[in-house]
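Structure, as structure tokens:
The values are calculated or read from the model by the stated rules, or taken from the named source; none is laboratory data. Keep in mind that this is a model prediction, so the values were computed, not measured. We place every Cβ from the backbone using ideal geometry, glycine too, and count neighbours over all the protein chains shown. Side chains are part of the model used for accessible areas, which takes the heavy atoms of the whole protein and leaves out ligands, DNA and RNA. Shrake-Rupley method; radii C 1.70, N 1.55, O 1.52, S 1.80 Å.
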Amino acid sequence: MAVQWTEVWDDDLGSADPLRFPGYADRLGEESVTTGRTATHVRVEGRFDVLGGSMGVVHGERVVRAFDRATALGLPVVCVTRSGGARMQEGMVSLVQLGRTVAAVRRHAEAGLLSIAVLRSPTTGGVFASYASTCSLRVAEAGAVIGFAGPRIVADTTGESVAGVSHSAETAHAAGLVDAVVPAAELDRWVDAALGLGEAPPVARLRAVDDAVGPPDDGATGAWSEVVAARRADRPTGIDVAAALASSWTDLAAPDPTVRTALATVAGRRVVVVASDRHTAGGRPTPQGFRQAQRAVALAGRLGIPVVSLVDTPGADPGPASENAGVAAEIAATFAAYDAVPVPTVAVCVGEGGSGGALALAWADELLIQEHAVFSVIAPEGAAVILERDASRAPEVAEHLALTSSRLRDMGVVDAVVPDDVAGTVAAVHAALGTARVGARRRRPDALSAAALA
């Protein structure tokens with residue numbers, strides 16, 4: 001990655017060799033990190049050729065000062081890391097740099113500024129366990145060694161091989177530890193897009209869908225007909241609408257593929273998008289999926305940019321693994337994240353809104369629903385089993401759940417009904433981004449509740 005420095009900072013700092021470690025003084029001189037400024041951002045550039053990129057007091061101090069200057073200047077930070085970890089020759093003086101650098105990244109984030117870690121090979125130990133993992137976004141060089149303990153340490157300590165299991169850019173991405181894995185030649189382009197200095201490609205559509213899907217022609221009637229329409233296999237789900245909505249798309253980590261999140265560009269403005277994919281893994285978010293949404297919403301709040309949610313899910317994953325992993329707590333935490341975020345939020349139900357798992361992703365200042373979408377306290381089949389002991393009575397029970405778009409609008413559950421076709425929905429989102437006001441996310445449900453009291 002080519003760097004065009006406009007300023008280089010703190011190159012006069014030196015280590016006092018605090019432990020008088022044998023032979024260390026002879027190796028002092030150049031340092032394992034360079035910091036300074038480019039035309040667009042503050043830069044932290046690791047150097048593995050100097051003492052294995054290890055972080056001692058000078059490395060830590062330079063990183064802390066770089067982030068604090070970036071905070072004062074209102075600039076983003078790009079950290080390119082290559083490091084074996086904390087510097088043994090400086091003992092605990094080195095180790096405390098982990099906490100110091102994390103605190104500096106946090107101060108920068110709290111100022112509403114973006115930071116990006118570019119993890120090159122290797123990025124391990126204390127640097128990985130501090131500022132590299134605290135940055136807002138993280139991208140790894142394809143094939144890079146990424147991990148807390150180095151592979152040799154793991155093998156010697158545990159007797160286990162990490163090959164194909166951990167300690168690579170690719171396994172880190174699968175685990176959600178990095179947002180993308182990119183070939184070395186494309187890292188600059190990815191970083192520029194994430195900084196908003198260039199356009200990332202739009203998200204690719206995953207399947208053939210009918211952009212103008214409407215009610216089914218299968219003889220179903222009434223509310224049940226709307227349920228059938230909402231679940232049609234050729235109906236665009238959230239990520240399909242996102243493909244038409246966003247001209248630029250920088251994915252955030254998504255080990256749960258049912259919830260896709262990204263820094264995106266919509267109608268010329270930066271937003272965070274949260275998009276359901278009901279056609280992947282059953283479309284039911286796990287606890288991890290809700291955590292992905294929480295992270296995305298928190299990022300939007302720090303950067304001061306709107307959130308757009310495109311919701312289409314039959315509900316949260318109810319399986320034992322999700323239950324034991326705290327799915328209920330993560331749904332509650334997602335409600336809390338959307339409620340607290342200090343930026344305008346827009347949500348559209350573009351298919352099925354299934355119970356609390358869907359509403360948590362749609363707790364927004366402007367809540368829209370497509371004409372032939374549905375939103376319900378419970379799936380009609382579940383309600384029929386509970387109320388009638390007979391799932392086959394779902395069409396009958398659906399009539400009583402007030403789940404159709406027109407009923408939801410009339411009751412005040414949603415703000416408006418929008419066309420089913422993708423172009424119409426995109427236009428509605430553009431308009432809603434101009435009218436959404438922080439706080440309506442509470443006023444609408446408060447009014448609904450007041451009207452329902454006897």
Notebook entry, point to check: Could you list, in sequence order, the residues of region 132-172 that are open to solvent by 10 Å² or more (accessible area, probe 1.4 Å), within 24 Å of Ala104 (Cβ to Cβ) and part of a helix (DSSP H, G or I)?
Noted result: Ser133, Thr134
Margin query: Pull out all pairs, ordered by first then second residue, where Cβ-Cβ is under 7 Å, the residues are six or more apart or on different chains, the first lies in region 433-454 and is more than 22 Å from Pro306 (Cα to Cα) and without any contact (Cβ under 8 Å) to a residue 40 or more places away in the chain, and the second is assigned to a helix (DSSP H, G or I) and of a type in the set (A, V, I, L, M, F, W, C).
Written below: Leu448/Met411
Checklist line | Residue selected from region 3-15 under the condition open to solvent by less than 80 Å² (accessible area, probe 1.4 Å) and part of a loop (DSSP other than H, G, I, E, B), by the criterion modelled with the lowest pLDDT | finding: Val3
Notebook entry, point to check: Is it the case that region 179-193 has a residue that's outside any loop (DSSP other than H, G, I, E, B) and touching a Pro at 6+ places or on another chain (Cβ under 9 Å)?
Noted result: yes
Item checked: region 77-97, subset in a helix (DSSP H, G or I), touching a residue at least 40 places away in the same chain (Cβ under 8 Å) and in contact with a Gly (Cβ under 9 Å, 6 or more places away or on another chain), residue most open to solvent (accessible area, probe 1.4 Å) -> Val93
Check: What residue, among those in region 35-76 that are closer than 18 Å to Tyr24 by Cα and touching a strand residue (DSSP E or B) at 6+ places or on another chain (Cβ under 6 Å), is surrounded by the fewest Cβ atoms within 10 Å (Cβ to Cβ)?
Finding: Phe48
Margin query: For region 297-396, give me every one of the helices (runs of 4 or more DSSP H) that falls completely inside it and has 2 or more residues that are among the small types (Gly, Ala, Ser), open to solvent by less than 30 Å² (accessible area, probe 1.4 Å) and touching a residue at least 40 places away in the same chain (Cβ under 8 Å).
Written below: 355-360
Check: Does Arg437 satisfy being under 33 Å from the mean Cα position of the chain (by Cα), at pLDDT 95 or above and exposed (fewer than 12 other Cβ atoms within 10 Å of the Cβ)?
Finding: yes
Note to self: Which of the numbered conditions does Ser161 fail, given that it passes all the others? Conditions: (1) closer than 22 Å to Ser115 by Cβ; (2) free of Cβ contacts under 8 Å to residues at least 40 places away in the same chain.
What the structure shows: (1)
Checklist line | Where a residue in region 174-195 is over 14 Å from Ala144 (Cα atoms) and at pLDDT below 95 and its partner, wherever it lies, is among the basic types (Lys, Arg) and assigned to a loop (DSSP other than H, G, I, E, B), with Cβ under 6 Å and at least six apart | finding: none
Checklist line | Residue that is surrounded by the fewest Cβ atoms within 10 Å (Cβ to Cβ), among those in region 221-264 that are of a type outside the set (A, V, I, L, M) and part of a helix (DSSP H, G or I) | finding: Gly222
Notebook entry, point to check: Does Val417 satisfy being farther than 19 Å from Ala275 by Cβ and touching a residue at least 40 places away in the same chain (Cβ under 8 Å)?
Noted result: yes
Next item on the list: Answer yes or no: is there a residue in region 73-80 that is more than 30 Å from Ala296 (Cβ to Cβ) and touching a Ser or Thr at 6+ places or on another chain (Cβ under 6 Å).
Entry: no
Margin query: Just to be sure before I move on: is Val228 under 22 Å from Ile116 (Cα atoms) and of a type outside the set (Phe, Trp, Tyr) in the structure I sent?
Written below: no
Notebook entry, point to check: Within region 123-131, is there a residue that is of a type outside the set (Gly, Ala, Ser) and open to solvent by 30 Å² or more (accessible area, probe 1.4 Å)?
Noted result: no
Margin query: Suppose we keep only residues that are touching a helix residue (DSSP H, G or I) at 6+ places or on another chain (Cβ under 9 Å) and open to solvent by 10 Å² or more (accessible area, probe 1.4 Å) within region 265-275. Which one would you say is farthest from Leu114 (Cα to Cα)?
Written below: Ala267
